[in-house]
1. Classify the stretch 43-109 from the C-alpha gyration tensor, please: rounded if a/c falls under 1.5, else prolate or oblate depending on whether a/b exceeds b/c.
2. Residues in the stretch 38-66, backbone N under 16 Å from the label point at VAL85 (7 Å along the Cα-to-beta-carbon vector): list them, ranges by number please.
3. Between SER39 and VAL57, what is the label-to-label distance in nm when each label sits 7 Å out along the Cα-to-Cβ direction?
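No value in this document is a laboratory result; all are computed from the given coordinates. On a predicted model such as this, the values are computed, not experimentally measured, just so you know. Ideal geometry is used to build each Cβ from the backbone, glycine not excepted, and the neighbour counts take in all protein chains shown.
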Amino acid sequence: MEMTSSPDESDSSSTARPTSAKASPYVSSLWNNDPANPSSDKIVSSTMQKGFENIIVQTGTGLVLGFLAGVVLAHRGGSSGARRVLGGLGAGIGLGSSWTKASMDLEDLLTPTQQQPKK
């Protein structure tokens, strides 16, 4: 027994769009593929990705600058421990500042805004 599809049935993707004309704006925005008006999950994902990229870059920058400060400030031969401490301090400062920035960006994005009363 062979199964055939009728010509008016189209092959759809694994996720079907809601057919209800009264879909809520939130649900319809999730199905929106318009790049000018991205859905909220795409915005959150993009914000998190930028935050993680900044964490990596700023931690590495802090580590390198900390080690360079260690070389300049602890230029004696046996002070490699001081260089490590300054490198770790720089990495921690870079990590902390970028983590705070990413956290603030997500909080601003996820917190509903309160409209100012019109005067």
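1. prolate
2. From the stretch 38-66, the list is 66.
3. 2.8
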